[in-house]
Amino acid sequence: MNRDEIASCGICCAECGNYRKNANCQGCRVEPEMVDDCPNRSCAIERGYYTCAECPDFVCDLLKEVYAMQKPLCQRGWSYIQGIREYGLDEWLKRQNEKTGQ
């Protein structure tokens, strides 16, 4: 997993069915036109944050909407964004990659 595979909300592209099935999808960091309607992504960009974990308004209503969907992908995203907030993105990625042997 790398920085470009983590969405602003914490969802990991490599775990997204759309990303895995769509050979044209490179993720929302690489292909923003695919997700220009994502309010979380737009908010993070406007505020100058790489992920929502950096924001002083964490957890905002926009994020709550994502995590309230109760989809497994969103639930993992919630877990990830909490880890990113606790450790910082680079340290969190290092820990995740060590867990998975990457």
1/(1 + (r/R0)^6) with r = Cβ-Cβ of residue 60 and residue 21, R0 = 35 Å, i.e. FRET efficiency to nearest 0.05, evaluates to 0.70
Can you work out the Karplus-derived ³J(HN,Hα) for every residue in the range 77-86? Use 6.51 cos²θ - 1.76 cosθ + 1.60 with θ = phi - 60°, whole Hz, and x for glycine or proline.
x, 4, 4, 5, 5, 5, x, 5, 5, 6
Reach of residue 71 by Cα under 21 Å, taken over lysines that are not fewer than 8 positions away in the same chain:
21
What full-extension length gain, to one decimal in nm, is calculated for residue 98 and residue 2 as 0.36 nm per residue of separation minus the Cα-Cα distance?
33.3 nm
Would you mind putting 55-67, 72-84 in packing order, based on average other-beta-carbon counts within 10 Å, highest first?
72-84, 55-67
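Laboratory data are not the source of any read-out in this text; all were calculated from the coordinates shown. Small disclaimer: the values here were computed from a predicted structure and weren't measured. Ideal geometry is used to build each Cβ from the backbone, glycine not excepted, and the neighbour counts take in all protein chains shown.
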